[in-house]
Amino acid sequence: MPSPASDPAYPVGLRLTGRRVVVLGGGQVAQRRLPALIAAGADVQLISPSATPSVEAMADTGEITWHRRRYEDGDLADAWYVLVATQNRDANTRASAEAETRRVWCVRSDDADAATAWTPATGHSAGVTVAVLTTDAQGRDPRHTAAIRDAVVEGLRDGTLVARHHRARAASVALVGGGPGDPDLITVRGRRLLAEADVVIADRLGPRDLLAELPPHVEVIDAAKIPYGRFMAQEAINQALIDHARAGRTVVRLKGGDPFVFGRGMEEAEALVEAGIPYTVVPGISSSISVPGAAGIPVTHRGVAHEFTVVSGHVAPDDERSLVDWAALAALRGTLVVLMGVDKIGRIAQTLIAHGRAADTPVALVQEGTTAAQRRVDATLATVAETVVREGVRPPAVIVIGEVVRVGPDAPVAPGQHPVT
């Protein structure tokens, strides 16, 4: 018989790969529990005359085996674990008794005190499984248990709850996209890796506020101040990544936006591969989409723009180093997003007009997007050069060109016009 409800449960992790697990009932309880059993590699046998559409889809894809009938004595033979979740209390009681006879751990959704096992509130973060069980049988509160689980997992994910590694780890580097500037817009994984870092090599455009949260022992290096010597700037950064990793440190290369969107992340990755240093890439939210969105500008909108193009404006259209086909861009009807183009926007606008883009095409410049200093300045292709000078627009700023600039409640409205909706 199950132990008295007053006794605490003994926590244990079950390894169910390839082992028979029986689930009785195909309703909402099964729908919630089945994904974890499938992820554990269990051989899941569902016994139920009916199932929710989501559970039925699991059977259709072969993730579980569905026996479309009611529970029968003997169904738990050779099982390692059983979840009893039918609406028939008599069937639940009989199945629980069979599990007891066969010494199979049994979870009951209708009567936890009659079960031989309880399902904890679980969560996962970076290879760690957090499982929370309430020990006070008289005061079991599933919502409180889940809240504890959520708080622990969230702390591990965002780096506010840090458990340092005590065993030596292999040298490694993480190329982390920090997002457009708001520290809340870095990914969960990026924030966690920052919390685990020994060394952070940061760009000027990375989310600076996150650096203040790092523990005192973390060495923060401003990439703009690395002594270059005989190296080019990027070569010096590559070498710093390699040197710190070879010294046994966990290194995070923190970039603004995404590492592979004009971030030279692949150059760093190639240097690490050549040096034999393992690395991981953590994508970031690109400013090309997020900054316009933060300013109320959608880069696509039904009936207005069905495509958007992101280009670098760090070299002018007439510069022989430019790889952009500005004539082709001028012929497009969609949205054009220009990064790193504030000081070149005059020549960019002239080139687009010369190749057929209307001079009255709306333009928005969003400076310091997603931060407290964000501001939006509107113009047209014909007026943007003088507007940038008059308004003192400075980098970093994302430039949006196209009719989407006139979409939304914050859009400028010219005399006789109405906002596009």
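None of the figures in this text is laboratory data; all of them are computed from the coordinates on show. Just so you know, these numbers come straight off a predicted model, no measurement behind them. Backbone-built Cβ (ideal geometry, glycine too); neighbour counts: all protein chains shown.
If I take R0 = 56 Å and measure r between the Cβ atoms of GLU235 and ARG89 in this structure, what FRET efficiency does the formula 1/(1 + (r/R0)^6) give, to the nearest 0.05?
0.20
Whole-Hz Karplus values for the stretch 26-33 come out as x, x, 5, 5, 4, 4, 6, 8 Hz, taken residue by residue from phi with 6.51 cos²θ - 1.76 cosθ + 1.60 and θ = phi - 60°; glycine and proline positions read x. Under a model in which nothing but the beta-carbon of Lys, Arg (+1) and Asp, Glu (-1) is charged, the chain shows a dipole of about 300 debye around its Cα centre. Against the main long axis of the alpha-carbon atoms of the chain, helix 265-274 sits at an angle near 70°. DSSP bridge analysis restricted to the stretch 51-134 gives an antiparallel fraction near 55%, rounded to the nearest 5. The convex hull around the C-alpha trace of the chain, projected and averaged over every direction, spans 28.3 square nanometres. Both radii are taken from the alpha-carbon atoms of the stretch 172-282; with Rh as the Kirkwood radius, Rg/Rh is 0.93. Helix 233-246 and the longest principal axis of the C-alpha atoms of the chain enclose an angle of approximately 30°.
The stretch 283-327 to the stretch 78-121: how many Å between their Cα centroids? If you average the Cα positions of each part, the centres end up 57 Å apart.
Using the Cβ-Cβ distance between ARG375 and GLU63 with R0 = 41 Å, the FRET efficiency computed as 1/(1 + (r/R0)^6) comes to roughly 0.20.
Does anyone have the angle between helix 345-354 and the longest principal axis of the chain? Alpha-carbon axes, 0 to 90°, nearest 10? That helix lies at roughly 80 degrees to the long axis. Ranking LEU211, GLY392, HIS306 by Cα position along the charge dipole of the chain, where only Lys, Arg, Asp and Glu carry charges on their C-beta atoms, puts LEU211 farthest toward the positive end. Here the Karplus curve 6.51 cos²θ - 1.76 cosθ + 1.60, taken at θ = phi - 60°, turns the phi angles of the stretch 13-23 into couplings of x, 8, 9, 10, 4, x, 9, 6, 10, 10, 10 Hz, with x standing for Gly and Pro.
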